[in-house]
2 protein chains.
Amino acid sequence: MSDRENELLEALRVAGLRITLQRRLICQVLAAASDEHLSAIDIAERASGPGAIDVSTVYRTLEVFEGLGVLHHVHLGHGPGIYHLSASSDHHHLVCEKCGRVVDLPVDALEQSFTGIIRDYGFVPDGLHFGILGRHIDCSVVDTTD
Amino acid sequence: MSDRENELLEALRVAGLRITLQRRLICQVLAAASDEHLSAIDIAERASGPGAIDVSTVYRTLEVFEGLGVLHHVHLGHGPGIYHLSASSDHHHLVCEKCGRVVDLPVDALEQSFTGIIRDYGFVPDGLHFGILGRHIDCSVVDTTD
DNA sequence: CTGATTGCAAAAGATTTGCAACTAT
DNA sequence: ATAGTTGCAAATCTTTTGCAATCAG
């Protein structure tokens, strides 16, 4: 059992919540996929073959983990939200509207501009919860598809 | 009839599309609400009392206007997309996750940081299509609600 | 006239919820 | 034992789509 997986289960224990088979499986999937962008349905399918854990259970479990602060979800454009272990969430997502690829952007890369916004607008961007949409340079050339 | 309203109708004419009563009404609503954040359903309701124009018609009409480049929609967090006349869309939306208020942010305010991202990541953020979530300073103080 | 447009109803996709059965502690 | 969890089915919400009827040009 990986460290990350154990961390998640430990968070449940500390909170006095129950550790069920379904939760174990979900933890495994999350820990194994820390660099991927998984939707709740992806997680349900990976957790033990297609359909084995009900999506409602997955949503409820993910909600619990978010409440414990060990998980976040982000929205990368249209389509389902995607889930991330907290420690691997400290980056923004640059989502290309053309090709769909996602580039990770370390938080500090935007920090300076955000400082200006905080000063001038009294607003603290979270930035981790929604992707930043745009286009790769390669995808920015002449384009009649949209 | 306002200038903006006329512009929208003119865009339809130029494209050889038809000007129907429903489209006229939708144009009126859009022109009158250029500073508001309206969802498709808001627009349907305002267009002529509750339920008078079918939402599917509203969605199709808004889609046409987006295709003509005179309208954009943005996503400000969860919930429905909101629609904006193009000329009034040249700002980003700072959406407070706590109080829900939206602060408009001129594009140039983020331009500099985006320049850095373009250079370092080969990525051109669009930024206008999704809101930037975060919190007002006032809403950032101790908070146990999430 | 004729194709563009509409309304209605139904579908789709993501997420949430009610509830009875089940299980970890 | 009992409160937390699960699966299932149904509901919700936003948006899309099929289709026959209607209407603008």
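The values are calculated or read from the model by the stated rules, or taken from the named source; none is laboratory data. All of these numbers come straight from a predicted model, not from anything done at the bench. Every residue, glycine among them, receives a Cβ derived from its backbone with ideal geometry; neighbour counts consider all protein chains shown.
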Open item on the list: Checking the condition of a type in the set (Lys, Arg) and away from DNA strand D (no atom under 12 Å from the Cβ), which residue from A:Arg46, A:Arg60 passes?
Closed with: A:Arg46
Open item on the list: Looking for something away from DNA strand C (no atom under 13 Å from the Cβ) and modelled with pLDDT of 95 or more - is there at least one such residue anywhere in the range B:9-18?
Closed with: yes
- [ ] Just name the residue that is surrounded by the fewest Cβ atoms within 10 Å (Cβ to Cβ) out of those in the range A:49-86 that are farther than 17 Å from A:Leu9 by Cα and touching a Gly at 6+ places or on another chain (Cβ under 7 Å).
- [x] A:Gly77
TODO: Considering each of B:Asp42, B:Asp54, B:Asp35 in turn, give the residue that is among the acidic types (Asp, Glu) and farther than 25 Å from B:His91 by Cβ.
DONE: B:Asp54
Task: Among (1) free of Cβ contacts under 8 Å to residues at least 24 places away in the same chain; (2) surrounded by fewer than 18 Cβ atoms within 10 Å (Cβ to Cβ) - the single one A:Ile41 does not satisfy - done: (1)
TODO: Inspect all residues belonging to the range B:100-112 and state whether any of them is in a helix (DSSP H, G or I), touching a residue at least 24 places away in the same chain (Cβ under 8 Å), on the phi < 0 side of the Ramachandran plot and within 15 Å of the chain's Cα centre (by Cα).
DONE: no
TODO: Filter the range A:78-117 for residues that are of a type in the set (Phe, Trp, Tyr) and at pLDDT 75 or above and give the result.
DONE: A:Tyr83
- [ ] Out of A:Leu8, A:Leu30, report the one residue that is more than 10 Å from DNA strand D (Cβ to nearest atom), touching a residue at least 60 places away in the same chain (Cβ under 8 Å) and aliphatic (A, V, I, L, M).
- [x] A:Leu8
